Structure formats: structure tokens, C-alpha cells
Amino acid sequence: MKKQITVIEGDGIGPEVTRQSIRVLDAIAATFNHEFNYSYCLMGADAIDKTGNPLPDETIESCLNSDAILFGAIGHPKYDNDPTAKVRPEQGLLKLRKSLQLFANIRPVTTYAPLLHLSPLKPKNIEGVDFIIFRELTGGIYFGKKETNAEGTQASDDCVYTREEIERITHLAFQSAQKRKKKLTLVDKANVLETSRLWRKVVQEIAIQYADVKVDFLFVDNAAMQIILNPKQFDVILTENMFGDIISDEASVISGSLGLLPSASVGKGNALFEPIHGSYPQAAGKDIANPLGSILSAAMLLEHLGLGKEAALVKEAVDWTLANSFVTKDIDPMNFYFTSTIGELISDYVSGKIPGSVKKENIELRKSTII
Ligand code: IPM
Ligand code: MG
């Protein structure tokens with residue numbers, strides 16, 4: 001199979017984690033006889049530095065002409081600490097999501113048996129957690145009118161949702177629930193917000209078409225607590241843009257690290273795959289970031305292209321590294337491996353260079369790359 005992939009490495013740790021994913025995709029291509037061609041494009045602080053524009057037109061053009069997009073991370077402290085900046089890296093990502101109409105951001109949350117003890121949560125409460133967050137991605141407060149008055153003493157961000165925006169992601173979330181444990185939880189703030197009341201109304205109406213799915217509703221403040229208290233109760237969580245942003249970072253605590261969570265953004269045509277973590281500037285260039293969020297995003301990309309066997313092999317390789325304690329610093333600050341070593345191990349596993357049964361002791365030769 002021949003596929004064109006746009007790669008946007010972005011800022012901070014984006015380039016170094018994305019490089020490991022490309023390595024893994026190349027190993028998949030060689031093993032399964034596919035051809036992946038990559039076009040590298042700019043976005044974010046990197047793009048502002050080089051072109052003055054957080055999302056150059058060529059990047060949109062390339063994305064529109066690709067079969068899939070792999071994206072790293074966005075953001076730079078020089079903008080975070082400057083609230084007056086007119087041009088910001090994040091504008092690039094938001095504009096890309098909007099231009100490609102990537103209205104649904106899908107964030108699976110799972111646990112890994114070898115990491116259970118590392119979570120600040122009790123292993124017995126998180127063992128076997130497996131849910132998926134459907135976050136609306138092109139509406140709500142992120143995209144409403146933004147204003148600051150002339151004196152700079154008052155600011156506002158409008159939160160707007162249309163019925164159509166709610167309907168399209170709600171159908172995707174119900175269809176996913178039907179293939180899973182058949183439970184959908186709408187997270188909103190319907191006791192306060194008008195937009196949340198519209199979400200509830202639309203979801204209740206659509207629920208009738210999916211009678212095999214059990215639906216419940218949680219206010220976002222309660223949901224934030226339940227995700228920590230009893231995460232096993234969830235199957236599919238459906239929510240609006242900003243609530244989804246917040247609760248997905250929170251949910252990553254269950255997996256053991258923010259660096260582990262992948263995501264897929266899908267919509268009317270193109271699809272973009274990115275780890276949920278940010279640009280983590282403190283770690284940039286140090287080869288210590290966790291590449292698994294990006295590599296698992298690449299697995300979601302493969303699945304999206306209809307390459308289920310290939311995606312399963314990448315996930316198996318990830319499980320294998322974790323089972324053998326080949327982990328980055330975020331997971332084990334005392335005994336960790338480099339970003340590039342994890343990428344190398346996973347691509348070697350995919351290429352069949354490491355038999356699945358091999359024990360850690362047998363590849364200690366790789367210690368040359370171990371701190
Ligand atoms: C995410 C990020 C982005 C968001 C930022 C970088 C704009 O936090 O993808 O979760 O808020 O959507
Ligand atoms: Mg976020």
C-alpha cells in the first residue's frame with residue numbers, strides 16, 4: 001500500500017518524539033511491503049520563527065493532499081509568558097483543526113499492567129480501565145468571539161455550539177460505544193450553561209437511535225472527581241471542546257504518564273494523529289521525552305488507513321517495552337532509557353529483530369545507550 005503522510009514535528013519535544021514514530025512507520029513499511037512517503041511541514045512556534053506565520057498555507061495544502069497527518073507538539077514558553085503576544089503558536093493548531101474540519105478528537109485511556117504501581121492512584125481502582133474520550137474539537141469557547149475592551153480591563157470568550165456540531169460527534173461517539181461496552185457518558189455543565197443544555201437535549205434525542213447503548217449524564221465537576229475515584233465506570237465519554245481538553249489530561253494520570261496518551265482527530269475527510277501531551281520545553285533536545293504517545297498515535301494512524309494488523313503489531317511492541325521496563329524518565333526517573341532507544345527497540349521489534357519472548361538480560365548489550 002502506498003500512502004502520503006504529512007509530518008508536522010512542531011515545537012519542543014515534538015521533533016524528537018515524532019522521529020521515533022517515523023522510525024516505527026518505516027519499520028512497518030519494510031515489514032509489510034508498504035510505501036509511506038512523508039512531506040515535512042511547519043506549524044507553531046517553529047513556523048513563526050521561520051515564516052512569521054503559525055500555519056503557513058503550504059502546510060494546509062500538504063495536509064489536504066495527504067492520506068493522514070502525524071503531528072508532534074505545539075507551544076513555546078516565550079509566548080506562554082507573554083499574554084500580549086498577537087501571534088501565538090497554538091493558533092496554528094486551532095486553525096488547522098478548523099480548516100480540515102477535524103471535529104472529533106478521540107483519546108483512548110487505558111492502563112498497562114507493568115505501570116499500575118507507578119500511578120498515584122491505587123492499582124486496584126485503575127486495573128483494567130479502558131475508556132475513550134470523544135472531545136469536540138472545532139467549536140465552543142475555543143472558537144467563539146474573543147474580545148478585550150479598549151482599556152484592557154475586560155475580556156470575553158464566547159462559547160457557541162450549533163445543533164449540527166453536536167450531532168455529528170454524538171453519532172461517532174454512539175457508534176464507538178456500540179462496538180465497545182455500550183455505555184456513553186455525556187460530560188457537561190447543564191446546571192449552569194446554555195450550551196450544555198443544548199448538548200443534553202441533542203444527545204437525549206439521538207440516544208433513541210442507539211437503544212442498545214446506556215446513556216448517562218455527569219456534570220463536569222463531578223466527572224473530574226469520578227475519573228479519579230472510580231474510572232472503571234466509564235466506556236465512552238462525550239464532551240465539548242474545553243471540558244475534553246481538561247479531563248483528558250486528568251485521565252492520563254490513570255495510565256501513568258501524560259506521555260503515554262495518543263489521539264486521533266477525525267472529521268469530514270482528513271485525519272490527524274498526535275500525542276495529547278504538549279511541547280514540554282524543559283525536556284526538548286535531551287532525548288528523555290516519552291515517545292509512546294506519538295508512537296501509539298502512529299498506530300492509530302495505521303488503523304485509520306485500514307492497516308489493523310500493522311497497528312496491532314506496534315501496540316504489541318509498546319506492550320513489550322513496558323513489560324520489560326524499557327521506559328523513559330517520566331515513568332521511571334531512576335532507571336530510564338532514552339527516547340531514541342525506545343524508538344529503536346520498538347522498530348526492531350516490529351522488524352522481527354527482537355523475538356517476543358526475549359528477556360531483558362538478553363539485550364543488555366543495548367546498555368551502551370542506557371544512562
Ligand atoms: C491539546 C492541547 C491544545 C488544546 C493546545 C496546545 C491548543 O492542549 O491538544 O489538548 O487545548 O486543544
Ligand atoms: Mg490539552
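The values are calculated or read from the model by the stated rules, or taken from the named source; none is laboratory data. Remember, it's a predicted structure, so these values are computed and weren't measured experimentally. Backbone-built Cβ (ideal geometry, glycine too); neighbour counts: all protein chains shown. Ligands, DNA and RNA are excluded from the accessible area calculation, which covers all protein heavy atoms including side chains. Shrake-Rupley method; radii C 1.70, N 1.55, O 1.52, S 1.80 Å.
GNM remark for the chain: springs join alpha carbons under 10 Å apart, and the peak mean-square fluctuation among 347, 176, 263 falls on 176. In the range 120-247, taking the dipole from charged Cβ atoms about the Cα centre, the farthest positive-side position among 149, 237, 210 is held by 210. Within straight-line reach of residue 183, meaning a Cα separation under 18 Å, sit the following lysines at least 8 residues removed in sequence or on another chain: 201, 214, 232. Partner aspartates and glutamates whose Cα lies under 20 Å from the Cα of residue 86, excluding those fewer than 8 positions away in the same chain, are identified as 11, 46, 49, 57, 147, 151, 157, 158.
Coupling constants for the range 180-196 follow from the phi torsions by the Karplus curve (6.51 cos²θ - 1.76 cosθ + 1.60, θ = phi - 60°), and in residue order they are 10, 8, 6, 9, 10, 10, 8, 9, 8, 9, 5, 7, 10, 9, 5, 4, 5 Hz; glycine and proline get x. Note that the chain presents 43 Å² accessible area per residue, ligands and nucleic acids not counted, probe 1.4 Å. Straight Cα distances below 19 angstrom link residue 124 to the aspartates and glutamates 235, 250, with same-chain residues fewer than 8 positions distant left out.
Suppose we keep just the DSSP beta bridges with both residues in the range 120-247; what percent of those would be antiparallel, to 5? Percent antiparallel among DSSP bridges in the range 120-247 is about 20. Counting protein heavy atoms only, the chain has 54 percent of its accessible area on carbon and sulfur, 1.4 angstrom probe. The charge dipole of the chain, taken about its Cα centre with unit charges on the Cβ of Lys, Arg, Asp and Glu (plus for the first two, minus for the last two), comes to roughly 840 debye. Expressed in units of 2.2 N^0.38 Å, where N is the residue count, the Cα radius of gyration of the range 30-178 is 1.33. Estimated from helical segments only, the mean residue ellipticity of the chain at 222 nm is -12500 deg cm²/dmol, where each DSSP H run of four or more residues counts as -39500 (n - 2.57). Computed about the Cα centre, the dipole magnitude for the range 273-355 is approximately 60 debye when only Lys and Arg (+1) and Asp and Glu (-1) carry charge, each at its Cβ. When the charge dipole of the chain is built from unit charges on Cβ atoms (+1 for Lys and Arg, -1 for Asp and Glu) and taken about the Cα centre, the candidate among 131, 335, 71 whose Cα reaches farthest toward its positive end is 131. Helix 163-179 axis versus longest C-alpha principal axis of the chain: approximately 40°, rounded to the nearest ten. Kindly flag which residue pairs out of 3/315; 2/50; 181/268; 78/146; 122/353 have an alpha-carbon separation exceeding 29 Å in this structure. From the list (3/315; 2/50; 181/268; 78/146; 122/353), the Cα-Cα distance tops 29 Å for 2/50; 122/353. Here the ratio of the Cα radius of gyration of the range 120-247 to 2.2 N^0.38 Å is 1.16. If you wrap the tightest convex hull around every Cα atom of the chain and split its volume per residue, you get 148 Å³.
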